[in-house]
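Engineer: Please find one structure pasted underneath; my questions will follow.
The values are calculated or read from the model by the stated rules, or taken from the named source; none is laboratory data. Being a predicted model, the structure only gives us computed values, none of them experimental. Cβ: placed from backbone, ideal geometry, glycine included. Neighbour counts: every protein chain shown. SASA here: full protein model, heavy atoms, side chains in, ligands and nucleic acids out. Shrake-Rupley method; radii C 1.70, N 1.55, O 1.52, S 1.80 Å.
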Amino acid sequence: MLRYILQKEFRQLFRDKTILAMMFVMPTVQLTIIPLAMNFEVKNINVAVVDLDHSSFSQKLISKVSASGYFRYVNVSPSYKEGLKSIERGTADLIMEIPAGFERNLVREGSQKISISVDAINGTKASLGTGYLTTIVGDFNQHIQLNINADRTHTEQPYQIDTTYSYWFNPLGEYKYYIVPGVLVLLLTLIGGFISALNIVKEKEAGTIEQINVTPIKKWQFILGKMIPFWIMGMIVFTLGLLVTRLVYGIVPEGSLGVLYLFASVYLIALLGFGLLISTYSENQLQAMFVAFFFMMIFMLMSGLFTSIESMPAWARTIANLTPITHFIKVIRMIMLNGSGLGDIKMELLYEVLFAIVLNSWAIWNYKKTT
Amino acid sequence: MKQLLIFIRMEFYHVFRDRRTLLIMFGLPVAQILLFGFALSSEVKNLRIVISDQAKDANSRQIIDKIKASSYFITEEKTIGGNEIEKTLKKGDIQCVVIFPSGFGSDLQRFHKAQLQFIADGTDPNTAKTLVNYLNAIVAGYQKEISPPAALPYTIIPETRMLYNEESNGSLNYIPGVLALVLMIVCTALTSVAVVREKELGTMEILLVSPFKPVMVLIAKAIPYLILSLANFLLILLLSVYVLDVPIRGSIILLFLESMLFILACLSFGLFISTVTESQQAALLLSMMGMMIPTMVFTGFIFPLENMPWIFQLISNIVPSRWYYLIVKSVMLKGLGFVYVWKETLILIGMTVILLIVSLKNFKKRLA
């Protein structure tokens, strides 16, 4: 029985050449292009410098900032007000104001404030920008202190803790390693989700579902028959995506490909189950698309693709954990970048198996052969 | 005039009849604004770190207590080294390992110098950098605290001011972006579908042979969506102000007028799509699936535009939401007046006019 429905599904799938082409070409092309645009890296922070002191210290500090490579001068403003204007116009992200008497006060009174004003609307840029700048000021500070303290005995020296840091798995902090695997999962989800959501409802619209309903086919056989062809297509799309990742971006999986495929196959079952579930609830393709779009949107935002799940409040983390895509994005990054093995991802795999069982049983249960 | 009103009423019926359209029209904006407001923020917190204290002396203890007191971290103390570090990071839950080498405190006492090591999971580069910045700040603070004041003769104290966002509200950046994204997708998709539906059903021909002018048909189609979109805009604005505590600093009238202009631009775009597609599905595929990722990417509210290759920056110029996003950011969050946004306004007006002319032309051609 299952064989016949599979035969029918495959024939239908191969007959519609446009959909078939869309399934393979769209993700390949998008995966090649989109990550180029998705770069969170914070560089070239535009800084407006207001130097009211014009001393040798202030000059040294300014040249130290510009030598750091993180900052780009937009202008050296005569006053804070002028600097603020460039922030309002959006040409500067940050103002560093060195007050008049900076050097004199440092020498005479031992300390002096400088003010950093940052356009804080973009939180990431603001926090990284001020972080870099305070580190540079701190370095500069330590440097001039060392010069003064050079002729003192070491017990009079300030305490100094040298911190060394390294970024593992991605030492240069390149965003492609973070983004590309995630986008691959996203595209797989969009394709699989939409195509499966539209499928059963298409039969409803065409009326052919009635013909299937009068055959002795079992409900689970029907769903399984729908699932298998899409599952195979999905795995091919996934493989294509991995090839793009490898050939275009040069990202070689650190961990085992076998584990990755195992996870992907379970994930696809869960995802297709979800699509078919939407399909059984909808009356026409338009409705199915609206509903699928709504959920895809939420999935995409909650998946941890753009923002880290850890920073979310507890309730949002619960929602994120209840969406299958979240676990896959986490796992694909772990396997491809951190080289994690089956033991490290077993909890996520378990979740995914649960999703697959629940969503598919629900779809089978909700598919009614009688109206 | 009476005909027009009847027509508009019909369109409203269409919208309210289908609950799934309502889900997209009002459910999506509400869900998105709440998600972006509460769940997604650019703030980095709840970072899980492991502290491996091989020194176990007074100084390391004091620093550990400081790290623990910080609200950014969830700490765990465990003496690990060598392979175990890699194993820990591979599990994917721990973002950083802080290592106090043995003799940390005695080095500090004897030589006034000591080493401290952070090993961060660099998979997500910004989180890793922010985390190291936080840790460095804590260590620098401690350093200053224990040094005798005489030892620090020239001390520069940087004072940071967060402009436009004193409380570091992480969702601030997203509000104008979501506003632009939602209005763009919803307006464009619903308008295009509404017009194409008439085509598909064949009722468009009936409308066109009626004494009602073709232009009036389009206007009658557009007005309900203009009203609904404005309602949507107000809904998002109310949610942002009262639920998410995002202030409106500039003139609310200016904001409203600019939004109306943007909605008009989106409606014209929807009309344009409807003149080039023949089925609701094609219209929807184009306006939702096709527009979704480009709008999200090119508006510039998630990914900084200046990081993109030049060709993408060029493309972003033709995306209306990009200009609207700039306007909302300036007017709503920075409190600036019209003089700062006239250029963007002019671009939006230009886009609207061009789109309207092109779609009207296409529309008439079809009639002939």
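Engineer: Enumerate the helices in chain A for which the Kyte-Doolittle hydropathy averages 1.0 or more and the C-alpha atoms extend at least 24 Å along the helix's axis, using complete DSSP H runs. Write out the running numbers ahead of the final one.
Structural biologist: Numbers: long enough: A:17-37 (30 Å, 1.56); A:123-149 (38 Å, -0.03); A:175-206 (46 Å, 1.05); A:219-247 (42 Å, 1.30); A:257-281 (36 Å, 1.98); A:285-302 (25 Å, 2.02); A:346-366 (30 Å, 0.91).
The qualifying helices are A:17-37, A:175-206, A:219-247, A:257-281, A:285-302.
Engineer: For chain B, list the cysteines whose Cβ sits under 4.7 Å from no other cysteine Cβ?
Structural biologist: B:96 - these cysteines have no disulfide-compatible partner (Cβ-Cβ under 4.7 Å) in chain B.
Engineer: Can you give the net charge of the other residues whose Cβ lies under 14 Å from the Cβ of residue B:4, counting K and R as +1 and D and E as -1? Can you show the working numbers first?
Structural biologist: Working: positive: B:2, B:9, B:213, B:221; negative: B:11.
With Lys, Arg at +1 and Asp, Glu at -1, the net is +3.
Engineer: Still on this structure: Round to the nearest 10 and give me the degree value, 0 to 90, for the angle of helix B:2-17's Cα axis relative to the longest principal axis of chain B.
Structural biologist: Result, in degrees: 40.
Engineer: Taking H as built 1.01 Å from N, whose amide H comes closer than 5 Å to the amide H of residue B:96, not counting residues under 5 places away?
Structural biologist: Long-range HN contacts for residue B:96: B:50, B:121.
Engineer: Determine which aspartates and glutamates satisfy two conditions relative to residue A:85: a Cα distance under 19 Å, and not lying fewer than 8 residues away in the same chain.
Structural biologist: Once the sequence-local aspartates and glutamates are set aside, what remains near residue A:85 is A:51, A:93, A:97, A:119, B:166, B:344.
Engineer: Over both sides of the B-A contact, add up the buried accessible area with a 1.4 Å probe and give it to the nearest 100 Å². Provide the component values of the computation, followed by the final result.
Structural biologist: On the way: alone 20570 and 20620 Å², together 31020 Å².
Answer for the B-A pair: about 10200 Å² buried.
Engineer: Same structure, new question: From largest accessible area down, sort B:14, A:54, A:143, B:112; use a 1.4 Å probe on the protein chains.
Structural biologist: Values: B:14 45, A:54 130, A:143 105, B:112 15 Å².
Descending accessible area places them as A:54, A:143, B:14, B:112.
Engineer: Then there's this: I'd like the distance between the alpha-carbon centres of region B:108-141 and region A:6-55, rounded to an integer number of Å.
Structural biologist: Between the Cα centres of region B:108-141 and region A:6-55 lies a distance of 33 Å.
Engineer: Hey, what angle do you get for helix B:252-276 against the long axis of chain B, alpha-carbon based, 0 to 90 degrees rounded to 10?
Structural biologist: It is inclined by approximately 60 degrees.
Engineer: Could I ask something else about it? Loop sites only, by DSSP: take the GluC sites (Glu not before Pro) in chain B that have at most 12 other C-beta atoms within 10 Å and name the longest stretch containing none of them. All intermediate terms of the calculation are to be shown ahead of the outcome.
Structural biologist: Details: sites that count: B:166, B:167, B:278.
The reported range is B:1-165.
Engineer: Take the cross-link list A:176/B:87; A:346/B:68; B:129/B:334; A:202/A:369; A:8/B:199; A:17/A:369 and give me the ones stretching past 21 Å between alpha-carbons.
Structural biologist: A:176/B:87; A:346/B:68; B:129/B:334; A:8/B:199; A:17/A:369, as the Cα separations exceed 21 Å there.
Engineer: Let me ask something additional. When the helices in chain B are scored as -39500 (n - 2.57) per DSSP H run of 4 or longer and the sum is shared across all residues, what 222 nm value do you end up with, to the nearest 500 deg cm²/dmol?
Structural biologist: Details: 16 runs with 217 residues, N = 368.
It lands at -19000 deg cm²/dmol.
Engineer: As a test of the formula, what do you get for chain A when each DSSP H run with n ≥ 4 contributes -39,500 (n - 2.57) and the sum is divided by the residue count, at 222 nm and rounded to the nearest 500 deg cm²/dmol? Present the calculation step by step, with values, prior to reporting the outcome.
Structural biologist: On the way: 14 runs with 240 residues, N = 371.
After summing the helix terms and dividing by the residues of chain A, the value is -21500 deg cm²/dmol.
Engineer: With every protein chain kept in place and ligands, DNA and RNA left out, what is the accessible area per residue of chain B? Probe 1.4 Å, answer in Å². Before the final figure, lay out the partial values.
Structural biologist: On the way: 15440 Å² over 368 residues.
Here the residues of chain B average 42 Å² of exposed surface.
Engineer: Give the shape of region B:87-162 as rounded, prolate or oblate, defined through the alpha-carbon gyration tensor: a ≥ b ≥ c are the square roots of its eigenvalues, a/c under 1.5 means rounded, and otherwise the shape is prolate if a/b is larger than b/c and oblate if not. Don't skip to the end; give the middle numbers.
Structural biologist: Details: a/c = 4.19, a/b = 1.41, b/c = 2.98.
Oblate shape, in that a/c is at least 1.5 and b/c is the bigger or equal ratio.
Engineer: Per the 1.4 Å probe, what fraction of the accessible area of the protein assembly as shown, in percent, lies on carbon and sulfur atoms?
Structural biologist: Values: 19680 of 31020 Å².
After summing per-atom areas, the C and S share lands at 63 percent.
Engineer: Right, here's the next one. Quick check: Cα centre of region A:315-348 to Cα centre of region B:272-297, how many Å?
Structural biologist: 32
Engineer: With every protein chain left in place, what is the accessible area per residue of region A:81-173 in square angstrom, probe 1.4 Å?
Structural biologist: On a per-residue basis, region A:81-173 sits at 45 Å².
Engineer: Rank these by accessible area, largest first, 1.4 Å probe: B:144, A:85. Working shown, then result.
Structural biologist: Numbers: B:144 110, A:85 85 Å².
Order by accessible area, largest first: B:144, A:85.
Engineer: Give the value in nm², to one decimal: projected area of the alpha carbon convex hull of region A:1-102, averaged over all directions. Present the calculation step by step, with values, prior to reporting the outcome.
Structural biologist: On the way: hull surface 45.8 nm².
Projected over every direction and averaged, the Cα hull of region A:1-102 covers 11.4 nm².
Engineer: Assign one of three labels to region A:40-178, namely rounded, prolate or oblate, based on the Cα gyration tensor with a ≥ b ≥ c the square roots of its eigenvalues; rounded applies when a/c is under 1.5, prolate when it is not and a/b is larger than b/c, and oblate otherwise. Walk me through the intermediate numbers first.
Structural biologist: Numbers: a/c = 2.62, a/b = 1.15, b/c = 2.29.
It is oblate, given that a/c is not under 1.5 and a/b is not larger than b/c.
Engineer: Compare B:339, A:74 by solvent-accessible area with a 1.4 Å probe and give them largest first, with all protein chains kept in place.
Structural biologist: Values: B:339 110, A:74 60 Å².
Ranking B:339, A:74 by accessible area, largest first, yields B:339, A:74.
Engineer: List the lysines whose alpha-carbon lies under 16 Å from that of residue B:144, not counting same-chain residues fewer than 8 positions away?
Structural biologist: A:113, B:66, B:113
Engineer: Also, I was wondering about something else. Net charge near residue A:62, counting Lys/Arg +1 and Asp/Glu -1 over other residues with Cβ under 12 Å of its Cβ? Provide the component values of the computation, followed by the final result.
Structural biologist: Details: positive: A:60, A:64; negative: A:51, A:53, A:97.
Residues close to residue A:62 contribute a combined charge of -1.
Engineer: If a/c stays under 1.5 just call it rounded; otherwise compare a/b with b/c (prolate if a/b is bigger, oblate if not). Do that for the protein assembly as shown, with a ≥ b ≥ c from the square roots of the Cα gyration tensor eigenvalues. Please list the in-between numbers first.
Structural biologist: Details: a/c = 2.83, a/b = 1.49, b/c = 1.90.
Because a/c hits 1.5 or more and a/b fails to exceed b/c, the protein assembly as shown counts as oblate.
Engineer: Let me ask something else. What does the charge count near residue B:136 come to, summing +1 for each Lys or Arg and -1 for each Asp or Glu among other residues with Cβ under 13 Å from its Cβ? Write out the running numbers ahead of the final one.
Structural biologist: Numbers: positive: B:66, B:129, B:144; negative: A:139, A:162.
So the surrounding residues net to +1.
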